[in-house]
Amino acid sequence: MGAALSEPETVLSVNGITKRFGSLVANDAISFSLNKGKVLALLGENGAGKTTLMNIIFGHYMADEGSIEVFGKALRASNPAEAISHGVGMVHQHFTLADNLTVLENITLGTEPLWSVTRDIAAAKAKIQKLAEEFGLKVEPDTQIKDLSVGEKQRVEILKALYRGAKILILDEPTAVLTPQEADQLFATLKDMLAKGLSVIFISHKLGEVMAIADDIAVLRHGKLVANFPVSEASREIIAEKMVGEAVEKPERVKMTAGETLLAIEGVTAQEGGHALLKNISLSLHRHQIIGIAGVSGNGQGALSDLLAGLVTPVKGSVTLKGEGLTRFNPSDMIAHGVGRVPEDRHVEGAVGEFSVEENLILEEYNDSRFSKFGWLNMSSITKHAKGLITAFDIRGAAPDTMIRSLSGGNMQKVILARALENKPDVILANQPTRGLDVGAATFVHEQLFKARARGAGVVLISEDLEELLSLSDKVVVMYHGMCSQPLDADDVTQQQLGLLMSGEGFSEMEASHAA
Amino acid sequence: MEFFEMFLNIGFWAATIRMATPLIFGTLGELICERAGVLNLGIEGIMTTGAMVAWMWVYQGGDLWTAVLVAAVFGMLFGLLHSAFSVYMGLSQHVTGIGITMLATALTYYSFRMMLPGVTTPPKIVPFENYAVPFLSEIPVLGQALFNQSPLTYLAFILVGVVAYVLYRTPMGLAVRMVGENPMAVEVQGIDVYRVRTAAVMVGSGFMAVGGAFLTISVFDAFYFDMINGRGWICIALVIFASWRPGKALLGAMLFAAFDAIQIRVQQSSSTLIPYQFYLMMPYVFSILALIVMSRKAAYPKALLVPFRRGQR
Amino acid sequence: MQLEPRQHTPLWMTVSAPIIAVTIVLILSGGLIMWAGAPLFESYVALFVGAFGSKFAIAETLVRATPLILTGLAAAVAFRAKLWNIGGEGQLYAGALAVTYFGTGLIELPPYLMIPFLFIVGATAGGLLLLFPALLKTRLKVDEVVTTLLLNFVILLFANYLLFGPWKDPMAMGWPQGAPVLEEGILPNLLAKTRLHAGLIISVVMAVVIWLVMSKTKWGLEIRAVGHNPEAARFAGIPINKTIIRTALISGGLAACAGVTEVAGTKEYLTLDISPGFGYTGIAVAMLAGLNPLGVIVAALFFAGIYNGADSMSRAMDVSNYIADVITAGSLLMVMLAVMLTRMRIRFRA
């Protein structure tokens, strides 16, 4: 009780941080503080500026204005070395590990003077093992990172920070890649840390887990701090409203009876370099149906997406589209068979950033006689086509000749959606279609998918956001180690059940039969 | 069997080791750069510069070992320039490297012409003399070939061990390897990615320049235009052949030099059935073949050719 | 220090960047000229007069620009697809060898057929030479930079063998040179008492054609897409390997055409010094032009002027003509930097 009565000790304070990227104000005069032994949850939609703010604290970005104090001392230089030396550690959303090096090498880099002529490997190993036991973060120091699971990689990231003596730990969307059960384990580790006097900043956009773990809540919206209060004074409704601003009306899934079979995958196995990506999977998709694919990232969702995109050829099994068995697997044939595809990463596979909007919009069908004859492009018809789609899909800030990389994420995704959906495909592949989008843009994507379902299309929706998956899908299939579970009725299944499947429960029999 | 007798010949082995020396320097240098994630196509020009400045230093009355140092310093300066473009500015490593080769070569030729105007036959200097290591050089064949060499050759062999030790056993080596695999993993540990890469490119370029210097102040005694003659490009092939490992780089350079030595001997002993130009093509053809064989399983440093830009989204 | 992308690049910046870059290089090179003990201003005047000061000088500069336009186009097209063809020099010689093989008596055609025929066989030879590294790249992932560089040496040695051996012209008094190209195959002279030949017109026409191909056709769209973002191109169904192979054939063919203009136009027979590094200078030409085929014409004229001017400056001022190579290489690097700075700004803070 004594500790609670004394004045809370401030370990980190952020004062008036502003950061601009060109005309975009990512952080607008943000101030808050973190108390010792507490968890501050930083909430906000995608693009609200959470990661930018943390990257400023950790020294990746230079703030345009404002200052940061850690344990009463100002962080002067904008680089991670400064942050680390003041006791700040950060676990990035995208792991910052070198795959071909060992756990030990990844943890100890930077802990010894660069000009030293030897490395004290034995001492490092002992220290890692001690920390691992203390915080329940079991890893084998000599394993190469590429052989670790996602959960283990995250443990290495946390160990990296603890090894450097971090007193303040920043966790950027740590649960995004974990099963619900793994997330619970992470929370147990965090509790250990708090008990030992560490303080935590926890970035998330999931309200449930925030309510469970946080002491204080700070909400960002469009780069501004819009709320900062103890969790005891908050309710889910209040936080949600603060995050989104005025409530956005979310589209509801209306009941529809599934129609004829559009897509049938039967016993498909696919490999890459002798490594099985898909193991004997079967899946069928019907008209008026959305099938959601759940799973911890890296369990074969990418390969399933590549299969439907025409980038992977199965070594076994068959894929039937509207009754026709596919023999050739390449993107052009898939498009010709009426598969509309929204790729996972719009910057990598979705769009050619240096191309204009109109060029990106015809990238899949420039061979069509509307757009080219005898090899010559029909510029006026390409521009007209773009104008039509810009209006139809409400693509803002774009003229046909605007370079697509200058568009916001949501508008870029609309261009890709327009390209995939304009010819009314019967089968739609949507791989993480709302990743990184704000609620408005995400809602637009959901509406478009529902519209397609209503007109009779079937959708394969791959998402790591279970809430999204359950609200959009008619059926949910869980992937684990390249295998698919039986389809589950989305109305009957709970997140907990999905979590168990995602961590591999019930797959052992299937896996054994594949190995045999 | 004249062909097989060649392998018992001390002169053959001595020549192999001599010819391997500049390749060892060049390959090690390129290997260091690539381990840090930077392809250094400046190698051909940097070797040219090293060859000229070392020779010029001695020609102007300087001492041989200082000449090696001067060559290394010039190599490092071009390495710094390479790094300014490819590391700090994040420009295409391909085009930067070709640009550095063109610039280094042009500056070298221009300086040579300006410092020795009107010279037609290249003047000569007194190069390094071979140093016979006591006792070891008396071991038949192997010892006689290996331990009666230029001091720079010994240096090259020692550096193979030093580079391997530094890469695998020291914090700096760990940083270099990591920065070539994932620069972000280095950045988050508080180490400046730019500085590590720059250091690697500078040191690597210094090695290359010494490799060039070996030609003018150890094997030959004069500087000729075009004397590097593609050796730099061969070193780039050798790095891939060596899977980015110093030990294998030594092996590759030796193998390559042995083929070269065989080729020269066969060319001398055989009749004129095959024109000499075809013998001269062999090193380049071998390099291409080595690339074809090794490229399938080549495990490139993951961040090779990928620029790192701090603070960018 | 951090680099931040600019939201907008004003037009004046885009236009002036290469000009500023080249100016800086000329100022820096001035240091080298002064080191040689020559008066700076007079030297640059001599350089300019040597390049553009008389009808004869202009004609010589245009003669020199002709192969540079072609090798510059070769680099521009290949680099657009991120196919790093550094083998322009070898492809140029492949074209030159083909012209010598077919154009010195093997086949006789009237001029209006003979000249196009020589360009076609030359371009085919160059295209095939680059096809090999391109296939190694697409099939076996062998880096094309090293293979194209190494092939330059192989081709030059092969040419050396031919000119010292079976192809040596017995009428050339012991010099290693090929037989003269038949009169029907010689590119017509454009200006009396100069060496200016129709190769210039052909190369300018090719630049315009390549510009049209790159900006107005499917092939151009494919090449640009593959170069900018191969993953997105693949996802959209653009055949990557086919596009790279096609790019290689076009690029190799263009560089080989430079060999054709030199053998059938400038020299009228093959020697081992028909190219003082046109293949490599083509890379600088392409970069200065920002990979724009029409810009290549201007950039080639600039570098041709530098080389010709440097030759006459070296005669007048005792400054080695290698200064031209320094300026070329310096421009290549400085233009890259300048173009990047039109897209990024540098921010310093400790």
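All of the numbers you see were taken from the coordinates with simple rules; none came from a lab. Nothing here was measured: the structure is a model prediction, and the numbers come from that model. Cβ: placed from backbone, ideal geometry, glycine included. Neighbour counts: every protein chain shown.
See the values below:
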{"quantity": "Inter-probe distance in nm under a simple model that places probes 7 Å from Cα toward Cβ, at A:Asp192 and A:Ser232", "calculated": "2.9"}
{"quantity": "Under the Karplus curve 6.51 cos²θ - 1.76 cosθ + 1.60, θ = phi - 60°, whole-Hz ³J(HN,Hα) for segment B:98-112, x wherever Gly or Pro sits", "calculated": "4, x, 5, 4, 5, 5, 4, 5, 5, 4, 5, 5, 4, 5, 4"}
{"quantity": "Segment A:437-454 residues near the modelled A:Gln93 label - backbone nitrogen below 13 Å, point 7 Å along Cα→Cβ", "calculated": "A:437-439"}
{"quantity": "Protection proxy ranking of B:124-137, A:18-31 - average other beta-carbon atoms within 10 Å, highest first", "calculated": "A:18-31, B:124-137"}
{"quantity": "Highest average packing first - A:80-90, B:43-53, A:490-500, C:81-91, Cβ atoms within 10 Å", "calculated": "B:43-53, C:81-91, A:80-90, A:490-500"}
{"quantity": "Kyte-Doolittle at least 1.6, axis length at least 27 Å by Cα - qualifying DSSP helices, chain C", "calculated": "C:11-35, C:144-164, C:323-343"}
{"quantity": "Stokes-Einstein diffusion coefficient of segment A:261-515, Kirkwood radius over Cα pairs, 20 °C, 1.002 mPa s, in µm²/s", "calculated": "114"}
{"quantity": "Residue order, fewest to most surrounding Cβ atoms within 10 angstrom, among A:His222, A:His60, A:His92", "calculated": "A:His222, A:His92, A:His60"}
{"quantity": "Calculated [θ] (222 nm, deg cm²/dmol) that DSSP helices of n ≥ 4 give over chain B, each run adding -39,500 (n - 2.57)", "calculated": "-22000 deg cm²/dmol"}
{"quantity": "Pairwise label distance in nanometres, B:Ile292 with A:Glu252, each label 7 Å out on the Cα-Cβ vector", "calculated": "6.8"}
{"quantity": "Percent of Cα pairs exceeding the 33 Å cut-off, where the set is chain B", "calculated": "25"}
{"quantity": "Of all DSSP beta bridges in chain A, antiparallel share, percent nearest 5", "calculated": "55"}
{"quantity": "Exposure proxy ranking, count of Cβ atoms within 10 Å, fewest first, for A:Ser406, A:Ser149, A:Ser380", "calculated": "A:Ser380, A:Ser149, A:Ser406"}
{"quantity": "For the protein assembly as shown, share of DSSP beta bridges that run antiparallel, in % to the nearest 5", "calculated": "60"}
{"quantity": "Cβ neighbours within 10 Å from other chains - mean over B:281-289", "calculated": "5"}
{"quantity": "Cβ neighbours within 10 Å from other chains - mean over C:2-8", "calculated": "6"}
{"quantity": "Segment C:1-41-segment A:7-77 distance, computed between alpha-carbon centres (Å)", "calculated": "40"}
{"quantity": "For segment A:392-407, Karplus couplings with θ = phi - 60° (6.51, -1.76, 1.60), whole Hz, Gly/Pro x", "calculated": "4, 9, 6, 7, 8, x, 10, 9, x, 9, 5, 5, 5, 5, 8, 7"}
{"quantity": "Mean separation of Cα contacts under 8 Å (6+ apart) over length of segment C:2-347, as relative contact order %", "calculated": "37"}
{"quantity": "Gain on full stretching of the segment that runs from A:Ala176 to A:His514 - 0.36 nm per residue minus C-alpha separation", "calculated": "118.8 nm"}
{"quantity": "Whole-angstrom gap from segment B:66-87 to segment C:148-182, using each part's C-alpha centre", "calculated": "37"}
{"quantity": "Extension gain (nm, one decimal) between A:Asp394 and A:Met211, 0.36 nm per residue minus Cα-Cα", "calculated": "62.3 nm"}
{"quantity": "Cβ-based exposure ranking for B:Tyr300, C:Tyr322, in which fewest neighbours within 10 Å come first", "calculated": "B:Tyr300, C:Tyr322"}
{"quantity": "Label-reachable residues, segment C:1-32, where backbone N falls under 15 Å from a point 7 Å from A:Asp64's Cα toward its Cβ", "calculated": "C:4-8"}
{"quantity": "0 to 90° range, to nearest 10: angle between helix A:180-195 axis and chain A longest Cα axis", "calculated": "20"}
{"quantity": "Fraction of antiparallel bridges per DSSP, segment A:261-515 only, in percent to nearest 5", "calculated": "55"}
{"quantity": "Peptide-level mean, for C:131-137, of C-beta atoms on other protein chains within 10 Å", "calculated": "1"}
{"quantity": "Built amide H within the under 5 Å cut-off of A:Ile428, gap 5+", "calculated": "A:Gly340, A:Gly458, A:Val459, A:Val460"}
{"quantity": "Length-normalised contact order of segment A:261-515 in % [C-alpha pairs under 8 Å, at least 6 apart]", "calculated": "28"}
{"quantity": "Simple label model, 7 Å out from Cα along Cβ direction - C:Val49 to A:Arg76, nm", "calculated": "5.9"}
{"quantity": "Relative contact order, percent, segment C:109-221 [alpha-carbon distance under 8 Å, six or more residues apart]", "calculated": "19"}
{"quantity": "Hz values of 3J(HN,Hα) by residue in segment B:149-155 - Karplus curve (6.51, -1.76, 1.60), Gly and Pro given as x", "calculated": "10, 5, x, 5, 5, 4, 4"}
